[in-house]
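The values are calculated or read from the model by the stated rules, or taken from the named source; none is laboratory data. Remember, predicted model here, so these are calculated numbers, not experimental data. FYI the Cβ positions are ideal-geometry reconstructions off the backbone, even for glycines, and counts take in every protein chain you see.
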Amino acid sequence: MRPDSAEPDLSALSTGDLVVESPAAVPAPPPPATSGFELTPKPATAPDADRGLLEVAIGPHHPSTHGVFRLNAVLDGERIVRFKPVFGYLHRNHEKIGENGTYLSAMPYTDRLDYFCSLSNNWAYALAVEKLAGLAVPERADYIRIITAELTRIQNHAALIGFLLQELGAMGTPLMYAFREREKILDLFEALTGARMMCNYLRFGGCRCDLPAGWLEECRRVVEGLPRFFDEFENLLSTNEILMARTQGIGVLPPELAVSAGVTGPMLRASGVNYDLRKVDRYGLYDRFEFRVPLGEHGDVYDRYMVRILEMRESAKILQQALREVPGGPIVDPKVKLRNFRPKAGEAYGRLESPKGELGFYLISDGSTNPYRYRIRPPSFINLTILEDMCQGLTLQDALVILGAVDIVMGEVDR
Amino acid sequence: MIDEGLRSELSKQGVFTTTVGELYNWGRKNSIWPLNFGLACCAIEMIAASMARFDISRFGSEVFRPSPRQADLMIVAGTVTKKMAPQVVRLYNQMPEPKYVIAMGACAISGGPFKQGYNVLKGIDRYLPVDVHIPGCPPRPEALLHALITLQEKIAGQKLTGPERAPHLQEEAPSEYPIPDYGAYDLDPPKNPDVWQPPVLARKD
């Protein structure tokens, strides 16, 4: 799908260096090496080779790319014709490390996948292993998991909206508001787990340690203050003229395309598809809590922003309900032996609704202490594959806003 | 040079004395502009350090520049993979003198938890002259502030003349470092021997 513009007048351009050379000047490619398979030769004249397209590479060091990530854009005038993401600049061998270590030793590495949401990642991995080994989780541990996961969701969405507004040119201010709340939540994590970001808190069949004294009161205090923060944030942003002009009708993702591409999370719900694993799978104890799943109507960037704001409000509701009734009891199933942990041979796929979408861990056990196969389904990687379709025909500055609303974290995309 | 005793006596009397070198370094150390350059998890703590709670602007370093041409300090915040290492060195080469490097986090100083991985560089100090190393995974924002203060002390102690003058004032000191290639199996060369040598184990006989 390309704009049907007339052939641009190249003689009027003075930027001769930037114009893509016509294929006639390029020598014929060397014959492919005999490597056992045949490559289809490229057509001698690419369909748009002489239209004066401009190739722009954004990244891997660029403030708008949310990490080390390259975008190869092909522009016709100002409009995007092709937009290819190039990853791999942060490939850290997560899956290979997971297969070479024991089951438990992969837990701290899951923190570093999506480094905004370490506790959700912990939970997804713990779910997969618990499914594989058939472990039960005590009620108190499930409550702690829900509380920490929802706090994670709030701080992730708040920080994401801050970064998104930074793409729009609001340098710093919304991000400052988001990080102010994020610091309160990180203080809770630090009191509970000992680390601000890399929590490494959950264990198979429960949690690593019990709540410290006074933690629940402190958490209630923070949660009570959250609605005020959301109101303040929305007062600043939701009806902001620049935000609305730059995001409404931009990057529309039709629901059919979103479903067929495997997009999950707030991006899918902004397109109007009612799919939330907390409602679909009812993992943990989510069926005990009342909350709604916000859905968008248009599937544009503004809807994605709004869905995240509303999700934060719903998360605060879940937190209020969960904090009211945290039961006593053990935090870990006493039958679980973490040393020499060998689940019986088999396979399991554990998934949950992480702040970015469906985060899944697929494990194959051969009965030894290490997983035979350890595979991660990263939501932000799969949400990113749809980027080019959303950016067709838009300008580059719109594309960066769309990228900001996808909510990618390179640690998870490249793994 | 002015005598230290006389100088403290004068300052008690309300007379402030300084040298050109001290004044110059005082200005430099209080306006270190970092490169807006995040690689991985540590970048989030770097951003947190620039936010209201930790407020790196108290130390004059809140001006994160998107272009290496305008930056004084490169904070290598996160895992440097072998695919990214050539670009990191290239960015360093593009920065104007005087320039400094802080290696933030376990990955940047040694490869950290991913050291055994096939795609992770085992410390950016193999290619770049690192001024301050910060351990931690990720280091807290306070650790970054401490590294910045350490760097400020280093800058304040640099001499402007004489044989021990700062590297950026020595004509023969290199300003750019060779960029490794992403070769068929590994980075080529695997290290810059002028900057980094593998540690030698000395055993007693």
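Annotations
- Considering the range B:77-100, the residues that are in contact with a Phe, Trp or Tyr (Cβ under 8 Å, 6 or more places away or on another chain) and among the β-branched types (Val, Ile, Thr) include one that is nearest to residue B:141 (Cα to Cα), namely B:79.
- When the criteria are applied in full, residue B:162 meets the requirement of being more than 13 Å from chain A (Cβ to nearest Cβ) and part of a loop (DSSP other than H, G, I, E, B).
- Members of the range A:207-233 found to be surrounded by 12 or more Cβ atoms within 10 Å (Cβ to Cβ) and part of a loop (DSSP other than H, G, I, E, B), listed by number: A:208, A:209, A:210, A:211
- Assessment of the range A:159-174 against the conditions (among the aromatic types (Phe, Trp, Tyr), surrounded by 14 or more Cβ atoms within 10 Å (Cβ to Cβ) and over 20 Å from the mean Cα position of the chain (by Cα)) yields no matching residue.
- Selection from the range A:171-206 of residues that are within 22 Å of residue A:316 (Cα to Cα) and more than 14 Å from every other protein chain (Cβ to nearest Cβ): A:188, A:191, A:192, A:201, A:202
- Single residue of the range A:48-70 satisfying the filter (within 19 Å of residue A:116 (Cα to Cα) and either away from chain B (no Cβ under 11 Å) or touching a Pro at 6+ places or on another chain (Cβ under 8 Å) (or both)) that is modelled with the lowest pLDDT: A:63
- The lone exception for residue A:160 - which of (1) in contact with an Asp or Glu (Cβ under 8 Å, 6 or more places away or on another chain); (2) part of a loop (DSSP other than H, G, I, E, B); (3) more than 22 Å from residue A:322 (Cβ to Cβ) it fails: (2)
- Evaluation of residue A:364 against (1) assigned to a strand (DSSP E or B); (2) more than 20 Å from residue A:111 (Cα to Cα); (3) of a type in the set (A, V, I, L, M); (4) in contact (Cβ under 8 Å) with a residue 60 or more places away in the chain (one fails), failing number: (4)
- Within the range A:97-112, restricting attention to residues that are more than 10 Å from chain B (Cβ to nearest Cβ) and not small (Gly, Ala, Ser), the residue that is surrounded by the fewest Cβ atoms within 10 Å (Cβ to Cβ) is A:104.
- Residue check for residue A:101: out of contact with any strand residue (DSSP E or B) (no Cβ under 6 Å at 6 or more places or on another chain) and on the phi > 0 side of the Ramachandran plot: no
- Residue B:122 falls short on exactly one of the conditions (1) away from chain A (no Cβ under 14 Å); (2) buried (at least 17 other Cβ atoms within 10 Å of the Cβ); (3) without any contact (Cβ under 8 Å) to a residue 40 or more places away in the chain; (4) basic (Lys, Arg), and that condition is (1).
- Residue in the range B:93-105 that is at the interface with chain A (Cβ under 10 Å from one of its Cβ atoms), at negative phi and hydrophobic (A, V, I, L, M, F, W, C) present: no
- Pair list, Cβ < 6 Å and 6+ apart or interchain, from the range A:301-324 residues that are more than 15 Å from residue A:265 (Cβ to Cβ) to residues that are surrounded by 23 or more Cβ atoms within 10 Å (Cβ to Cβ) and charged (D, E, K, R): A:318/A:150; A:319/A:150
- Every residue from the range B:176-205 that is farther than 17 Å from residue B:111 by Cα and aromatic (Phe, Trp, Tyr): B:177, B:182, B:185
- Considering residues of the range B:54-78 that are within 11 Å of chain A (Cβ to nearest Cβ), over 24 Å from residue B:176 (Cβ atoms) and touching a residue at least 12 places away in the same chain (Cβ under 8 Å) only, the residue surrounded by the fewest Cβ atoms within 10 Å (Cβ to Cβ): B:62
- So residue A:404, is it assigned to a helix (DSSP H, G or I) and either among the aliphatic types (A, V, I, L, M) or over 24 Å from residue B:118 (Cβ atoms) (or both): yes
- Any hit, the range A:71-90, residues being away from chain B (no Cβ under 14 Å), at pLDDT 85 or above, under 19 Å from residue A:342 (Cα atoms) and surrounded by 19 or more Cβ atoms within 10 Å (Cβ to Cβ): no
- Here is the figure for the range B:32-52: residues that are assigned to a helix (DSSP H, G or I), among the hydrophobic types (A, V, I, L, M, F, W, C) and more than 8 Å from every other protein chain (Cβ to nearest Cβ) total 3.
- Check on residue A:377, within 15 Å of residue A:121 (Cα to Cα), basic (Lys, Arg) and either at pLDDT 90 or above or surrounded by fewer than 19 Cβ atoms within 10 Å (Cβ to Cβ) (or both): yes
- The range B:125-154: number of residues that are β-branched (Val, Ile, Thr) and either surrounded by fewer than 19 Cβ atoms within 10 Å (Cβ to Cβ) or modelled with pLDDT under 90 (or both): 2
- Some residue of the range B:18-27 being within 14 Å of another protein chain (Cβ to nearest Cβ), outside any loop (DSSP other than H, G, I, E, B) and in contact (Cβ under 8 Å) with a residue 60 or more places away in the chain: no
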